[in-house]
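The values are calculated or read from the model by the stated rules, or taken from the named source; none is laboratory data. Worth saying up front: this structure is predicted, and the values here are computed from it rather than measured. Methodologically, a virtual Cβ is constructed for each residue, glycine included, from the backbone with ideal geometry; neighbour enumeration extends over all protein chains shown.
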Amino acid sequence: QYIDRGLSMLWERLFRCGDSSMEIEVDERAAGNHGLNELYRQIGVYVGSLRSALNTQARLKVYRWVDAAAISFSLHDNESIDDSFDGVHVSWTHCVMEKENARNNPFCGDSAQRSFTLRFLKRDREIILPAYLDHVSKVSADIERKSSQRFLYTNNYGNWEEASFSHPSTFDSLALDLGMAERIKADLDTFSNGKTFYHRNGRAWKRGYLLYGPPGTGKSSLIAAIANYMQFDVYDLELTKVSDNAELKSLLIQTSAKSVIVVEDIDCSVKLSNREDAKEGTDRQGSSKLTLSGLLNFVDGLWSCSGEERLFIFTTNFKERIDPALLRPGRMDMHILLSYCTFHAFKKMANNYLGIQDHPKFLELQESMTKSSVQVTPAAIAEILIRNQDSPDMALSEVLTAFQTHVDIVDDENISTKHMDDENTPRKHVDPTVGDETASKVSHQKSKRPYLGLKMPFFCGKSKHQD
Ligand SMILES: Nc1ncnc2c1ncn2[C@@H]1O[C@H](COP(=O)(O)OP(=O)(O)OP(=O)(O)O)[C@@H](O)[C@H]1O
């Protein structure tokens, strides 16, 4: 098989010797000397990233950006380097020529004329132009994004306020159910490579994820992991600070491409009027306000296409409270349940926090996690493991105890934020994850006030989230 392949490559090479070659020159300056040529800069970044740079005979320059972890390369003057794309062989030369008039002229600022020359066989020009050059631009943009600072934006009455984003969460640090990380990453990869697909099918290049499940199961951490995986900026949209649909639209227009737009706890941030209740953008008194229609348009309307390659991520503890219109494919394309800790997820956490892959207590823990009526959140497990990071034995014993401690009703004292009925009287709350689904649903349907958020205990009885 290898010999066959070698022969066919040799034949290809010999055959191609007779083929005439073509050259394209990319100058440092744009035509007419109007500023710098962006493509020239991108080629410089791309060429320095080529793996062939490590094996080339060409002289390289080596440098490191401020605060960058990796070393970068660039081609020395008048050196060449090979590359291949889609089975086509090309070579790049970095041409640097001294300007004629610069030698004796001290007032001529830049004394050299720089360009990249791309060589390839004439018959491959359909592949090179524009597909290969598009590939060069995309790779270089990805490299630059990875090495540059990313930002977390929060909205404050119509404007985005910027802070640097450096959340450490990754798919490796998260303990998820078996295969979940791989499924999400595959979906993100398909999305990221899908520009042509989305455009060909007349769709906005965006994707929506709904993350749902009890508190402390990793929804916020997963958002950070997704943003880090994609190297995207994050826009954290606080709906309570949006006064009306016009402001929501304005905020959307201000977001950049390659970003994640997050709305956390969508079920409790504001009370959005249903579409039947209110005319677009106005309430019954006719004043402008934020409506469900406004939010639907935000995710899927004409304005949602104003920036490319964007992810919309909504989170909730109670999926059933969200209007189905918001959940339909095209708005929330993938619904991801983050639930209580499974044994698979626990093993990941034990490895991450304690550095152990196996332990004599694992069998007992597995049995307990599978059979116990008690459910424990990853946040609670994380807390136990952090506290006992120097003593794995102790940590595992505590985790075991947690699964053997049955707590199923939340006392009013333990609820930091209570449901309030119309008369503002606190109600005794039965933890909705414990099993009395009907009671909790009725309680929510009756309540006309916005749901303010609920702190649940770390340990709960088995719940509907498990289904
Ligand atoms: N699946 C997980 N894997 C690893 N750590 C986790 C996981 N879930 C939660 N944690 C830990 O618990 C802490 C809280 O998690 P996180 O804020 O992501 O939960 P959440 O589901 O967003 O909670 P809430 O619904 O209350 O906002 C995190 O800092 C993280 O350390």
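Tabulated data for the structure shown
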| item | result |
| --- | --- |
| Within the range 237-256, considering residues that are in contact with a Phe, Trp or Tyr (Cβ under 8 Å, 6 or more places away or on another chain) and hydrophobic (A, V, I, L, M, F, W, C), the one farthest from N156 (Cα to Cα) | I253 |
| Conditions (1) over 25 Å from Q149 (Cβ atoms); (2) within 16 Å of the ligand (Cβ to nearest atom); (3) in contact (Cβ under 8 Å) with a residue 40 or more places away in the chain; number of the one not met by S243 | (2) |
| Filter pass, T190 being within 16 Å of the ligand (Cβ to nearest atom), β-branched (V, I, T) and on the phi < 0 side of the Ramachandran plot | no |
| Residue, nearest to the ligand (Cβ to nearest atom), within the range 193-218, restricted to residues that are part of a loop (DSSP other than H, G, I, E, B) and among the polar types (S, T, N, Q) | T217 |
| Selection from the range 114-130 of residues that are under 21 Å from A30 (Cα atoms) and either modelled with pLDDT under 90 or not polar (S, T, N, Q) (or both) | R114, F116, L118, R119, I128, L129, P130 |
| Sole exception among (1) aliphatic (A, V, I, L, M); (2) surrounded by 15 or more Cβ atoms within 10 Å (Cβ to Cβ); (3) without any contact (Cβ under 8 Å) to a residue 40 or more places away in the chain; (4) closer than 28 Å to N193 by Cα for V299, by number | (3) |
| Candidate set: the range 310-325, residues that are crowded, with 19+ Cβ neighbours inside 10 Å and more than 14 Å from the ligand (Cβ to nearest atom); chosen: the one nearest to K138 (Cα to Cα) | R310 |
| Pairs, first assigned by TED's automatic domain parsing to the domain that holds T217 in the range 369-391, second near the ligand (Cβ under 9 Å from one of its atoms), C-beta under 7 Å, six or more apart | none |
| Single condition S173 does not satisfy, out of (1) out of contact with any Ser or Thr (no Cβ under 7 Å at 6 or more places or on another chain); (2) assigned by TED's automatic domain parsing to the domain that holds S49 | (2) |
| Some residue of the range 151-160 being free of Cβ contacts under 8 Å to residues at least 40 places away in the same chain and exposed (fewer than 13 other Cβ atoms within 10 Å of the Cβ) | no |
